[in-house]
Each structure stands twice: as structure tokens, then as C-alpha cells.
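Before any comments, here is the structure.
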Amino acid sequence: MSYHDEQESIESLKAWWTQWGNSTTWVVLIVLVAAASWNGWNFWQRRQAAEASVLYDQVQQAVASGDKAKVSRVAADMEDKFSSTAYAQMTALSAAKALYTAGDEPAAKAQLQWTVDHAKDDEFRQIAKLRLASLLLDEKAYDAGLALLAEPQSDAFKGVVANGRGDLLAAQGKRDDARTAYKLALDTLPKTDSSARQLIQFKLDALGG
């Protein structure tokens, strides 16, 4: 490259930088900040998950030993500090079962309601709804149970939800509606789930008609 050509290139670069240099600097800075933020977020997520797993182990130990007070305390800590992790929804379901077994139905319901309101995965939310609806059936709070199971369900849960609705409707004395719900349950439950299907058929037969 001749001296003249080199000077021309330098002048072109200067002109380009004068026009675009400031914008380019900002773009580079934005990319760097975004990358740093992403890495920081991933690190925070990993740290949250690691700390939450320790609490989850503690609640499992408390469940196994029947320590109701510790179950409640650790579940509250999990929901307060690590509600964004998958461990929180698993802890709430485990705590609900343990508290119900221990005879503390209000606390069990509170854990199930927390899962309904905060679970990150639809599967956990649906399980919590079904268990909570079962407790509401025991309390004869039929309308509340039906409202809980009224939302559209994924295909995987249609059968068990229809069965739950059938139980609530049958308890209300709404035999025709209960029959419809049980028939839907039979239509959607897998053929391989023979024990559940036999139980539903028994309930359907008991309704008559």
C-alpha cells in the first residue's frame, strides 16, 4: 500500500469513526453489559437452586421423622426465600401431605393453596388443585371445589379432574351432572389405568340410570 493510499484509508477511518464511532461504542457496551447480566443471572439461579436443595433435603428429613413443627418452618423458609425454584413447589406438596397426616388440615390446605398460586410447573399446580378439591369435598365445600377444578385442564389431567368433579357433583346430589363427569373420566383415562377405571365405573353404576 502506498503512502497516499494509507493516508486515504486513515482519513476514511477517521471519517467513519466521527460518524459512527459513538454509536458503535454504545452497542459494544450494551452487548457487554447484557452478557455480564446474563452470566450473573445464571450464577444467581444456580446458587438459589443449590441453597434450595439443602432446604428440600431438610423438609424431607422432617417429613420422614414426623417433625410437624420443622416441616412447617422449613416450608415457610423455602417459600419465603426460594419461591422461584422448582424445589419450592415440591416442598409445598410434601409439606401438605405431612401436615394432613399429622392432623393439621388448615396448614395442609395453606400449602396446597400456595402451590396452586405459585407453582412454576403446571403439573404441580394441577396435583395441588386435585388434592385441595379432595379436602374441600371432605368439608362439604362443594362449590369451592368445583370452582377449583373448573379451569381448562391439560389432556394428561382431564380424566382425574373429571373424576374429582364427579365426586363433588354426586355429593351435591346432582346425579345427572355427576354421571356426565364420570363418563368423561372413563373416556379420557388411559385404558391401562384399570384400577381407576373400575372405581369410576363402580361410582357410575351406583348413581343408577
Failed condition for Val63, given (1) modelled with pLDDT under 90; (2) within 20 Å of the chain's Cα centre (by Cα): (2)
Test set (1) in a helix (DSSP H, G or I); (2) at pLDDT 90 or above - Gly173 fails condition number: (1)
Subset tally (residues that are farther than 13 Å from Ile127 by Cα and either part of a helix (DSSP H, G or I) or small (Gly, Ala, Ser) (or both)) for the stretch 150-170: 10
Cβ-Cβ under 9 Å pairs, at least 6 apart or on other chains, the stretch 161-181 side in the same structural domain as Leu199 (by TED's automatic domain parsing) and of a type in the set (Lys, Arg), far side assigned to a loop (DSSP other than H, G, I, E, B) and buried (at least 21 other Cβ atoms within 10 Å of the Cβ): Arg165/Leu149
Of all residues making up the stretch 156-197, the number that are surrounded by fewer than 18 Cβ atoms within 10 Å (Cβ to Cβ), of a type in the set (Gly, Ala, Ser) and within 27 Å of the chain's Cα centre (by Cα): 2
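The values are calculated or read from the model by the stated rules, or taken from the named source; none is laboratory data. On a predicted model such as this, the values are computed, not experimentally measured, just so you know. Glycine gets a Cβ as well: all are built from the backbone with ideal geometry, and neighbour counts include every protein chain shown.
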